[in-house]
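For reference, the structure is listed below as structure tokens.
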Amino acid sequence: MRGLPSNVYLKEVGPRDGLQNEKQWISTDDKVAWINMLSKTGVSEIEYSSFVHPKMIPALKDARDVGKRIIRKSGVTYSALVPNMKGLEYALEAGIDGASVFMSASETHNRKNINKSISETYPVLTEVIKEAKNAGKIVTGYVSTVFDCPYEGRIAVDDVLRVCSQLIDSGVDYLSLGDTIGTAVPTQVENLLEGLFPYFPKDKLILHFHDTRGMAIANIMTALHMGITRFDSTVGGLGGCPYAPGAAGNVATNDVLYLLNGLGVETGINEKRIQEASIYIQNKLGKTLPSRSVAYLKNA
Ligand code: HMG
Ligand code: MG
């Protein structure tokens with residue numbers, strides 16, 4: 001199809017965004033085994049855990065052990081979520097190639113998620129970004145609620161632009177734009193990207209869709225046509241943000257692969273191995289994952 005990129009970079013955020021909202025405890029052994037399976041799928045990057053306060057995200061309280069025990073495959077970037085200097089200290093000790101800092105475009109979500117106003121967050125993240133860069137790490141800045149906020153409703157492009165500019169000025173390598181509650185439709189994607197393109201190169205932008213309303217694939221298609229080549233996803237469509245009521249999981253890696261393979265866009269990922277990793281975590285969680293491809297495989 002005309003106007004599509006030849007290659008797409010997928011970041012597997014299942015071990016972080018996928019597990020962070022799960023009530024069912026997944027043992028450290030099982031997490032490590034699962035991440036090792038994901039490492040063999042051909043995926044470019046794995047966000048393996050989160051160095052946040054363990055009381056906020058109990059499902060990932062073993063981040064340090066996970067980081068120390070996973071078998072790192074050459075060519076795969078291992079990143080983790082880092083909210084502050086304490087998180088960075090633990091993450092560097094556990095081993096990361098990339099640090100993902102995060103904040104929101106909406107004041108209320110930012111406060112509920114990280115207990116600070118937007119303006120109080122900048123100095124914290126600026127220090128983390130500087131120290132992570134000094135340590136030679138790739139830094140991604142997540143901006144949540146770039147389309148809609150569960151508390152404030154529709155978010156203005158200017159609000160997103162302001163946060164993105166601050167993060168870029170502080171030195172992030174990439175910006176990951178989060179449809180945190182999975183409500184955006186393609187016109188919102190087009191509108192936001194048109195607002196950001198004059199200020200940021202397309203190859204610095206990652207899109208992070210949750211799939212609450214089933215619009216993520218349509219939104220990815222829109223972004224692909226606009227020249228975006230980096231996306232986040234989770235195997236099986238696992239996930240959700242505990243501080244964003246109503247948010248469903250991320251777009252499923254399986255479904256994104258079905259789309260990209262069908263379009264002839266390269267990812268380097270083996271679809272069958274992604275299905276195996278989906279079935280593995282589905283069995284550990286004891287529930288059916290939302291990806292259409294997993295359901296298809298199960299019934300096949
Ligand atoms: P706070 O309570 O304001 O932190 O939490 P504080 O600096 O005031 O410290 C309070 C206590 O926490 C202290 O301990 C610190 O040492 C400890 P005490 O002295 O009382 O014993 N502490 C820590 N312990 C372990 N690890 C740390 C850490 N930091 C402080 N890193 C904080 C602020 C940011 C830490 C907290 O609010 C937090 O952990 N929030 C994380 C929430 C979260 O993980 N949300 C989900 C991820 S974001 C997401 O899903 C969206 C995304 O996917 C994109 C999208 O979809 O839009 C990325
Ligand atoms: Mg998310």
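Read-outs throughout are calculated quantities, based only on the coordinates presented, and are distinct from any laboratory measurement. Keep in mind the model is a prediction, meaning the values are calculated, not measured. Note that we place each Cβ from the backbone using ideal geometry, even for glycine, and neighbour counts take in every protein chain shown.
Here, region 208-300 yields an orientationally averaged convex hull projection of 6.4 nm² when only Cα atoms define the hull. Residues in region 111-128 carry Karplus couplings, in order, of 4, 5, 7, 10, 6, 8, 6, 4, 5, 6, 6, 3, x, 5, 5, 4, 5, 4 Hz; the curve used is 6.51 cos²θ - 1.76 cosθ + 1.60 with θ = phi - 60°, and Gly or Pro positions show x. Here the Karplus curve 6.51 cos²θ - 1.76 cosθ + 1.60, taken at θ = phi - 60°, turns the phi angles of region 241-248 into couplings of 9, x, 9, 9, x, x, 6, 8 Hz, with x standing for Gly and Pro. Once the Cα-Cα distance is subtracted from the 0.36 nm per residue extended length, the Ile168 to His225 segment shows a gain of 18.1 nm.
Under the simplified labelling scheme, the His53-Asn261 pair shows an inter-label distance of 4.3 nm, with each label point 7 Å from Cα along Cα→Cβ. Short-range pairs are left out: with C-alpha atoms under 8 Å and at least six residues apart, the relative contact order of region 9-299 is 19 percent.
What is the extension gain from Glu93 to Lys272, computed as 0.36 nm multiplied by their sequence separation minus the C-alpha to C-alpha distance, in nm to one decimal?
Numbers: separation 179, 0.36 × 179 = 64.44 nm, distance 3.35 nm.
Working it through step by step, the gained length comes to 61.1 nm.
Have a look at the DSSP beta bridges in the chain and tell me what percent are antiparallel, nearest 5. Around 10 percent antiparallel, to the nearest 5.
For region 132-166, the residues whose backbone nitrogen is under 18 Å from a point 7 Å from the Cα of Arg213, taken along Cα to Cβ, are 144-157. Between amide H atoms placed 1.01 Å from N, distances below 5 Å from Thr77 occur with Glu45, Ile46, all of them 5 or more places distant or on a separate chain.
Send over the per residue convex hull volume for region 52-95, Cα only, as a whole number of Å³.
Working: hull volume 3.1 nm³, N = 44.
Normalising the Cα hull of region 52-95 by residue number yields 70 Å³.
Largest GNM mean-square fluctuation among Glu45, Glu266, Glu12, using the chain with Cα springs under 10 Å: Glu266. For the chain, the alpha carbon positions stretch 50, 45, 35 Å along the principal axes, listed from largest to smallest. Here each label is just a point 7 Å from Cα along the line to Cβ, and for Glu107 and Lys287 those points are 3.4 nm apart. Can you check what the net charge comes to around Lys133, using other residues whose Cβ is under 14 Å from the Cβ of Lys133 (Lys, Arg +1; Asp, Glu -1)? Taking every other residue near Lys133 into account, the sum is -3.
Under the classification rounded if a/c is under 1.5, otherwise prolate if a/b is larger than b/c and oblate if not, where does region 15-67 fall, given a ≥ b ≥ c as square roots of the Cα gyration tensor eigenvalues? It comes out prolate by the Cα gyration axes. Karplus-derived 3J(HN,Hα) values for region 52-69, using 6.51 cos²θ - 1.76 cosθ + 1.60 with θ = phi - 60°, are 9, 5, x, 6, 6, 9, x, 4, 10, 5, 9, 3, 5, 5, 4, x, 6, 9 Hz; glycine and proline are entered as x.
Counted by Cβ distance under 12 Å from Arg69, the other residues give a net charge of 0, where Lys and Arg count +1 and Asp and Glu count -1. Note on region 9-299: with charges restricted to the Cβ of Lys and Arg (+1) and Asp and Glu (-1), its dipole about the Cα centre is near 760 debye.
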